[in-house]
Structure formats: structure tokens, C-alpha cells
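Please read the structure below before turning to the comments.
No value in this document is a laboratory result; all are computed from the given coordinates. These figures come from a predicted structure and were not determined experimentally. A quick note on method: Cβ atoms are made from the backbone with ideal geometry, for glycine too, and the neighbour counts reach across all protein chains shown.
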Amino acid sequence: MKLLPFLKVWFITYIFFFVIDMFTHIIILGPIFASQLAGITKSTAETNMPVIMSQTIIISMATVFLVWKTKNKTQSISQTAAIGAVIGLLIYGIHEMTSYASIPNWPLQITWLHTVMGVVQMAIVAVVAKMVIERFGPRNDS
């Protein structure tokens, strides 16, 4: 895997992931989080955007890396989506279970909802990563 093509593919995928992540958290989950997490976590105004951006950087790099490394083995969109779903389950599941276990009064509903949304979101991001790799990645790199 060559660094420059990887970074190009990652950056395009990262932009898509950041937009879908913000949409998911602000539009879809925002009202639910606001009502369920009031008094438990910081308000939206206090959200630490550099931390959120660094999380999306790390998650998108891992996703692009795994999709890139399995691209010759996973020819179908559904197989790629499955890889993304597993990534989502691992990342969001661990994050949410840690929150549920360590933050007093963390709602179980949020734990399950955010994990499911993470699974769906990462399945979509993996498919986008596959399409970006096919369009911008080198043809003979594995």
C-alpha cells in the first residue's frame, strides 16, 4: 500500500464520514441525546470539536485501511458493507458499553441506539471507501 494514494482515498472518505457523522449526531440523534443525556454530559455548546474530528480521522483511517486490504477478497458491495458494519459494531459498541459501564445514569437506550447507528453508518462509509478506492486507488496495489 502506497502512502500518497492511501492518504488521497482516506481524505475523500474522511470528508464523507465527517459529514454523515455530523448529520447523524446533530439531526437524527441530537434531539434524543439532548433529552436522554441532560445533566449527564456536556451541552452541545461545550462539545470539543478537535476531539470529535480526531475520532473521525482515526475511525476513517481504520475503515479505509481494512477495506483497502480486503478489496481483492471482497468483491461485492454487501461484503464491503459487512466489513464496515463489523467495524461499526466494534468501535461504537465498545465506546457505548464503556460509557454505560462507567458513567452514572448513562441510558441503555442511548447505548443501543448509538451502537446501531454506528453499525449502519460505518457500513455506508465502508462502501463509500470501496468506491473511492476503486476510483482513485492504484489498480495493482493490495
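Measure nothing fancy, just the Cα-based angle from helix 108-136's long axis to the longest principal axis of the chain, in degrees from 0 to 90, nearest 10.
Here the helix axis deviates by roughly 20 degrees.
Hey, if you put +1 on the Cβ of every Lys and Arg and -1 on every Asp and Glu Cβ in the chain, which of PHE33, TRP68, SER78 ends up farthest toward the positive end of that dipole?
Value: TRP68.
Might you report the magnitude of the Cβ-based charge dipole of the chain about its Cα centre, with Lys and Arg at +1 and Asp and Glu at -1, to the nearest 20 debye?
580
Can you pull the one-decimal nm distance between simple spin-label points at TYR100 and MET22, each 7 Å off the Cα toward Cβ?
3.0
Can you give the FRET efficiency to the nearest 0.05 for GLU134 and VAL86, using r as the Cβ-Cβ distance and R₀ = 30 Å? It would help to have the intermediate numbers written out before the result.
Values: r = 21 Å, r/R0 = 0.69.
With R0 = 30 Å, the Cβ-Cβ based efficiency is 0.90.
Excluding same-chain pairs closer than 8 in sequence, count the lysine pairs in the chain whose Cα atoms lie under 15 Å apart. Could you put the intermediate results ahead of the total?
Details: LYS2/LYS69; LYS2/LYS71; LYS8/LYS130; LYS69/LYS130; LYS71/LYS130; LYS73/LYS130.
Counting lysine pairs in the chain gives 6.
Using only alpha carbon pairs under 8 Å that are at least six residues apart, calculate the relative contact order of the chain and give it in whole percent. Kindly include the intermediate steps, with their values, before the conclusion.
On the way: 132 pairs, mean separation 55.6, N = 142.
Relative contact order here is 39 percent.
Counting other C-beta atoms within 10 Å, and keeping those with at most 16, which DSSP coil trypsin sites (Lys or Arg not before Pro) do you find in the stretch 99-142?
Within the stretch 99-142, the qualifying trypsin sites (Lys or Arg not before Pro) (loop, at most 16 other Cβ atoms within 10 Å) are ARG139.
What distance in nm separates the simple spin-label points at TRP112 and ALA38, each placed 7 Å from Cα in the Cβ direction?
Result: 2.3 nm between the two label points.
In the chain, if the dipole is taken from +1 on Lys/Arg beta carbons and -1 on Asp/Glu beta carbons about the Cα centre, which of THR13, PRO104, ILE91 is farthest to the positive end?
Sorting the options by dipole projection puts first THR13.
Give me GLU96, GLU134 sorted ascending by neighbouring Cβ count inside 10 Å, so fewest comes first.
On the way: GLU96 20, GLU134 11.
The fewest-first ordering by Cβ neighbours comes to GLU134, GLU96.
Among (i) 26; (ii) 37; (iii) 40, find the value of percent of Cα pairs over 23 Å apart that was calculated from the structure presented, and write down its label.
(ii)
Using only helices, what value at 222 nm comes out for the chain when you add -39,500 (n - 2.57) per DSSP H run of length 4 or more and divide by the total residues, to the nearest 500 deg cm²/dmol?
On the way: 5 runs with 105 residues, N = 142.
Dividing the helical sum by the residues of the chain leaves -25500 deg cm²/dmol.
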